[in-house]
Amino acid sequence: MGNGTQRGFRFALDLHTGVPVYRQLIDQVRAGVASGTLTAGAQLPTVRQLAVDLEINPNTVMRAYRELELGGLLETHQGTGTFISDKKPEKKTAERERQLNQMAGEFAARAGAAGFTLEELIDRLQDLVARPAQRR
C-alpha cells in the first residue's frame, strides 16, 4: 500500500459555505480520486491527525471516513491506516447517470448562486482535467 498521502493532495475546509465539514471531507477525497491526485493505495491521515490538523472534532473525520468506507472508496486496516481502495465501486449505468445528473445540477446551481457563469465553471473543470495529464 501507499506510504503517506499522495503529493499535491491536502484537505482544506471552508466554514463559510454552509456545507457540513464531514461532507467537505468526503467531497475532497472523491474529487482527489476523480482527478487522479489520490490513487489506489494512497494512505490518508489518521483520524486523530486530520482532526488536529484541521482543528475539528475527531468524530467528524470518523464519520466522513466511515461513509467513504461504506461506499467502497476507502479501506481501513487495523494498525496500519486508512487507504484509497483499489476496487472500483460498481454501479448500474442508470444509477450512475442519475447520480451524475444530480451532481452536475447541484454544482451548477451552487456556482450560479456564487455568481459564476456556466462557462466559467466549464473552463475550470477543463483545467482540472488537464492537470493530471501534465503530471504524467
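The values are calculated or read from the model by the stated rules, or taken from the named source; none is laboratory data. Everything quoted here is computed from the prediction, not taken from an experiment. A quick note on method: Cβ atoms are made from the backbone with ideal geometry, for glycine too, and the neighbour counts reach across all protein chains shown. Note: areas computed on protein heavy atoms with side chains; ligands, DNA, RNA excluded. Shrake-Rupley method; radii C 1.70, N 1.55, O 1.52, S 1.80 Å.
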message = Just to be sure I understand, how many residues within region 33-50 are under 21 Å from ASP127 (Cβ atoms) and in contact with a strand residue (DSSP E or B) (Cβ under 8 Å, 6 or more places away or on another chain)?
response = 3
key: Residue list for region 21-47, restricted to those being outside any loop (DSSP other than H, G, I, E, B), open to solvent by 30 Å² or more (accessible area, probe 1.4 Å) and farther than 14 Å from GLU75 by Cβ   = VAL21, TYR22, ARG23, ASP27, GLN28, ARG30, ALA31, ALA34, SER35, VAL47
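Restricting attention to region 43-54, does a residue exist that is of a type in the set (Gly, Ala, Ser) and under 24 Å from GLN99 (Cβ atoms)?
Taking every residue of region 43-54 in turn, none turns out to be of a type in the set (Gly, Ala, Ser) and under 24 Å from GLN99 (Cβ atoms).
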task = Considering each of THR80, THR76 in turn, give the residue that is of a type in the set (Ser, Thr, Tyr) and in contact (Cβ under 8 Å) with a residue 40 or more places away in the chain.
result = THR80
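From the set of residues in region 1-20 that are among the charged types (D, E, K, R) and open to solvent by 80 Å² or more (accessible area, probe 1.4 Å), which is modelled with the highest pLDDT?
ARG10
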remark   = Of the residues in region 48-99, those that are in contact with a Ser or Thr (Cβ under 7 Å, 6 or more places away or on another chain) and either in a loop (DSSP other than H, G, I, E, B) or polar (S, T, N, Q) (or both) number 4
